[in-house]
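Note sheet for the following structure.
Coordinate-derived values only; no laboratory data. Please read all numbers here as calculations on a predicted model, not as lab measurements. Note that each Cβ is placed from the backbone with ideal geometry, even for glycine, and that neighbours are counted across all protein chains shown.
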């Protein structure tokens, strides 16, 4: 009866601890101040027939499974790792989520460029996408074709979001430089999931990348590039904002609660699954839910 009550009160992600007790991460019932590290615990003997070693205290591994990306720090030591020339990163074990903010660079300038607040990407990509859509709708493509291209761009982003997260962000590093790059682009977020400064991609990274992608869209699609890229860039912005608010705390509505639980499971229970953030579509298609 105690176990059933605890399961009913947990709307977050349930994971096992070494002494076979259940922890609930990201429980929406705990109010607006709830954080992913807040937990409730009950007895449990097994979960979906799988044996796991999971730890709930900050600074210790919340999950350790036979997954190559998680085993990275069995071969590499955390600490200062060279990136390019004299530039180095302070790398932490991403299989051991910690509280607090993640220091990465010696240089204050590089450290500042590596973080962002949600206002700035929104101020750049929302009007940029609207302008491209307007230019397409009032140009040769026309409004109906532009609407279809916009939806196709949204779908294309969702596939890239899933593919990059699964295939690139969780790729096991083979040397020190790959370790530094992997930590820079994604590992830091798993090592410090509560660092709000790194819940969105910094403009220093996204502006050059989106500029190159736009040139690629223009080369491939010609007059149809503007509307499709508008959908693509708005898909990216939606992903970044959804990701930010998922980590910030309680999400409104059933869809919001589902997306938060889906992503919190990726962080605290099954990092080898649930790669979609703004949508579980491709997790369903490729059976990674």
- [ ] Send over the per residue convex hull volume for the stretch 189-289, Cα only, as a whole number of Å³.
- [x] 123 Å³
Open item on the list: Based only on other Cβ atoms within 10 Å, what is the fewest-to-most ordering of 81, 91?
Closed with: 81, 91
- [ ] Quote the FRET efficiency, to the nearest 0.05, computed for residue 84 versus residue 144 with a Förster distance R0 of 41 Å and r equal to the Cβ-Cβ distance.
- [x] 0.30
- [ ] For the stretch 104-285, just the Cα atoms, rotate onto the principal axes and tell me the three extents in Å, largest first.
- [x] 48, 41, 31
Task: Residue order, fewest to most surrounding Cβ atoms within 10 angstrom, among 260, 273, 96, 198 - done: 273, 96, 198, 260
